[in-house]
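Some notes on the structure that comes next.
The values are calculated or read from the model by the stated rules, or taken from the named source; none is laboratory data. Since this is a predicted model, take the numbers as computed values, not measurements. Methodologically, a virtual Cβ is constructed for each residue, glycine included, from the backbone with ideal geometry; neighbour enumeration extends over all protein chains shown.
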Amino acid sequence: MVPPFLSASRARSGGVADLSMSAVRSRTPLLAAVFLLVAGACSTAEPPRTGRFVSSAWARPADSGATSGAYLTIVNADSSSVELVGASSPVALAAEVHETMTHEGMSHMMARTAVAIAPRDSVVMKPGGLHVMLMQLTRQLVVGDTIAMTLRFSAGDTVVVNVPVREL
Amino acid sequence: MPPVSFVLPDSTAYALGPAPGRPLVVFFGYTHCPDVCPTTLADWKRVKAQLGRDAERVRFVFVTVDPERDTPEVARRYARQYDSTFVGLSGDAPTTARIMEAYGIAAAREDGTAASGYLVSHSSQVFLVNGDGNLVALYPFGTRWEALAADLARLL
């Protein structure tokens, strides 16, 4: 099921999520307001037709020079599958998509160079699973900050997301 | 659990051993870890909030299994990011080996990329040790934080 990502992403992130899609930009403010109300009532907003949509993004606080992890949900609204093939952020010298695996008490991480998202499906990055590893931070990330992150997809498109920094 | 002594960045000693009435919560990880270790420390913060003033008697301790990159100061700052009372420890190689053996911790370097450097796979349980130094419970990664909070409440 496609989650009510359109307005829900705004509602959950306090309006900081950069939806970066023409479908949203073309909507009137009045319509956007209606969507917010709909999200508040836990209903499903009208799904957009194409593209990638990101919601529920957040990143962990970390020292300058250290490593942070970012989590988000990506919806692929296309009728064909797509792969997330890269991520970057101006606050990190490098970013990689990793997945934590825990087996018999040992946790380890695997780099994921391509994460497939089926047609009209979503991928949820969350603690203990998929995440974006933000490495060699160029500055300290503190709770309340917002950082930009670019996600790159196999279809050649990119999505820029504003990611709030928080602890949980 | 056998006591193990660490040296803090200010050159004072920190003994990880029995302390009557003061349970010990320990986790082993590394500061380049973006997921499992922060998740655990963030959970501890919730545990501490849930316990209220009683939590002042709990010793929450993060021990690095990557002392080569995590200096005592780096480990200290890492733990304190979550709560100013959380203790972050980095021992020299013999100290690290000693405490890992005492707690049955495994850790192994794995190849990363040029950017990430090496990654470290590691035992990811949280240990609860009572004030007498006896192991009370183990919480595999992924255990809800409420379980630790409830067990601590019974110990305190």
Could you grab me the full set of residues in region A:50-96 that are within 14 Å of the chain's Cα centre (by Cα), within 14 Å of another protein chain (Cβ to nearest Cβ) and not charged (D, E, K, R)? A:W58, A:A59, A:G69, A:A70, A:Y71, A:L72, A:G86, A:A87, A:S88, A:S89, A:A95
Please report, ordered by residue number, the strands (runs of 3 or more DSSP E) entirely within region A:85-137 with at least 2 residues that are buried (at least 17 other Cβ atoms within 10 Å of the Cβ) and at pLDDT below 95. A:106-111
The residue that is surrounded by the most Cβ atoms within 10 Å (Cβ to Cβ), considering only those in region B:64-115 that are within 14 Å of chain A (Cβ to nearest Cβ) and β-branched (V, I, T), is B:T64
